[in-house]
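A quick write-up on the structure given underneath.
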Amino acid sequence: MDWYLTLAFTLIGCGVVVLAAEFFLPTGGVLIVAGLACMVAAVGVILIFGSTMEAVVAVIGLSVGLPIIGFGAFRAWSQFALKPEDPSETTAARAIDTEAEGYRGRYGKTLTPMRPSGSVELEGRRVDAITEGMMIDAGVPIKCIDVKAGRIIVRQADVRPDLADFKLDDIT
């Protein structure tokens, strides 16, 4: 192998390494330009010291090889990159969803004005909830009508008597 081909392959290898370094050291494209410059210099060395056919083969090889290597590197990066954890998959989120599902169909009262979100009391616990879009004043009886994505949806309930408010003297 001639010395100029060894130099050209070394320059191409350096260019690939510098291009790969851009993934780990984001420099805003500076390393990409440096890597491409190494490859252009390699083709220039082949043109100056070698034959035209060797230079054509190098250009075709780089034109086909670089996109294939780039696509493969991008696919590998997307496979192994750290992805944010989906909050709906965490154990704590599942526990909250299960707890919220227990409120479906329960009655309570608003603790704050619902415009359309606010705090309600359901089964003696203060929870955040939203309405179907209507505003409800504080202290109004409500009913949990649905739970979607861990959000408690309430609507104003018809006043129903609470058995604790009855006195035995009122019955006779």
Select from the range 4-32 the residues that are surrounded by fewer than 13 Cβ atoms within 10 Å (Cβ to Cβ) and among the aliphatic types (A, V, I, L, M) and write down the one among them that is nearest to TRP77 (Cα to Cα). LEU25
Does any residue in the range 138-152 that is in the same structural domain as ALA100 (by TED's automatic domain parsing) and more than 17 Å from LEU111 (Cα to Cα) come within less than 7 Å, Cβ to Cβ, of a residue that is among the basic types (Lys, Arg) and modelled with pLDDT of 90 or more six or more places away or on a different chain, and which pairs are these? ILE145/ARG155
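Just checking, which of GLY105, GLY72, GLY118 is modelled with pLDDT of 80 or more, loosely packed, with under 11 Cβ neighbours inside 10 Å and outside the structural domain of GLY35 (by TED's automatic domain parsing)?
Working: GLY72 fails: outside the structural domain of GLY35 (by TED's automatic domain parsing); GLY118 fails: loosely packed, with under 11 Cβ neighbours inside 10 Å.
Being modelled with pLDDT of 80 or more, loosely packed, with under 11 Cβ neighbours inside 10 Å and outside the structural domain of GLY35 (by TED's automatic domain parsing) holds for just one of GLY105, GLY72, GLY118, which is GLY105.
The values are calculated or read from the model by the stated rules, or taken from the named source; none is laboratory data. Bear in mind the structure is a predicted one, so any value in this text is a computation, not a measurement. Virtual Cβ from ideal backbone geometry, glycine too; neighbours counted across all protein chains shown.
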